[in-house]
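To start, the structure itself, in structure tokens.
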Amino acid sequence: QMQLAESGGGLVQAGGSLRLSCAASGRIFSSYTMGWFRQAPGKEREFVTGIRWNDYNTDYADSVKGRFTIFRDNAKNTVYLQMNSVRPEDTAVYYCAAGYKHYNFRSPGDFSYWGQGTQVTVSS
């Protein structure tokens, strides 16, 4: 089992920045593709970004491209989501996810482990 714990969520004004962290434990973190998803009230969980386990290749949803950045620190078993120029429509619960040696990361089904989520609220 891998445990994932998100932190860093909160209330931020539109145009501001926020950094989310996801600390992993229980497995070899470097062997896992990591992803961030989000779910707003009444909506389905959607892909935000992901970073592959081996080549650190990344991908972003069009809605966050150019504003959000994912990066990982394998020495700290942590993946981060840097959120800049946030918008009210970024308001959601953000989830961290891990998939063992996965090459795809746009679908929730690509991931085996999930954190509990952290709330991000962007005020206008």
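The values are calculated or read from the model by the stated rules, or taken from the named source; none is laboratory data. Nothing here was measured: the structure is a model prediction, and the numbers come from that model. Don't worry about glycine lacking a Cβ; one is built from the backbone with ideal geometry, like all the others, and counts go over all protein chains shown. The protein model used for the area step is the full one, side chains on, heavy atoms only, and it has no ligands, DNA or RNA in it. Shrake-Rupley method; radii C 1.70, N 1.55, O 1.52, S 1.80 Å.
Quick one: which residue in 92, 98 is in contact (Cβ under 8 Å) with a residue 24 or more places away in the chain and under 11 Å from the mean Cα position of the chain (by Cα)?
98 is the lone residue from the list that is in contact (Cβ under 8 Å) with a residue 24 or more places away in the chain and under 11 Å from the mean Cα position of the chain (by Cα).
Please specify each residue of the range 73-106 satisfying the condition of being buried (at least 22 other Cβ atoms within 10 Å of the Cβ) and assigned to a helix (DSSP H, G or I).
Within the range 73-106, 90 is the sole residue that qualifies.
Being under 16 Å from residue 68 (Cβ atoms) and part of a loop (DSSP other than H, G, I, E, B) is true for just one of 16, 35, 42, 50. Which residue is that?
16
Within the range 54-71, count every residue that is closer than 15 Å to residue 31 by Cβ and in contact (Cβ under 8 Å) with a residue 40 or more places away in the chain.
1
Out of all the residues in the range 2-39, which are open to solvent by 20 Å² or more (accessible area, probe 1.4 Å) and in contact with a helix residue (DSSP H, G or I) (Cβ under 8 Å, 6 or more places away or on another chain)?
Of everything in the range 2-39, those that are open to solvent by 20 Å² or more (accessible area, probe 1.4 Å) and in contact with a helix residue (DSSP H, G or I) (Cβ under 8 Å, 6 or more places away or on another chain) turn out to be 14, 23, 30.
Report every pair of residues separated by at least 6 positions or lying on different chains whose Cβ atoms are under 6 Å apart, first residue within the range 109-121 and at negative phi, second open to solvent by 40 Å² or more (accessible area, probe 1.4 Å) and at pLDDT below 95.
Going by the 6 Å Cβ cut-off, the qualifying pairs are 110/102; 110/104.
If I go through the range 19-28 residue by residue, how many of them are within 15 Å of the chain's Cα centre (by Cα) and either under 23 Å from residue 65 (Cβ atoms) or of a type outside the set (A, V, I, L, M) (or both)?
4
Just checking, does the range 53-67 include any residue being surrounded by 20 or more Cβ atoms within 10 Å (Cβ to Cβ) and among the small types (Gly, Ala, Ser)?
no
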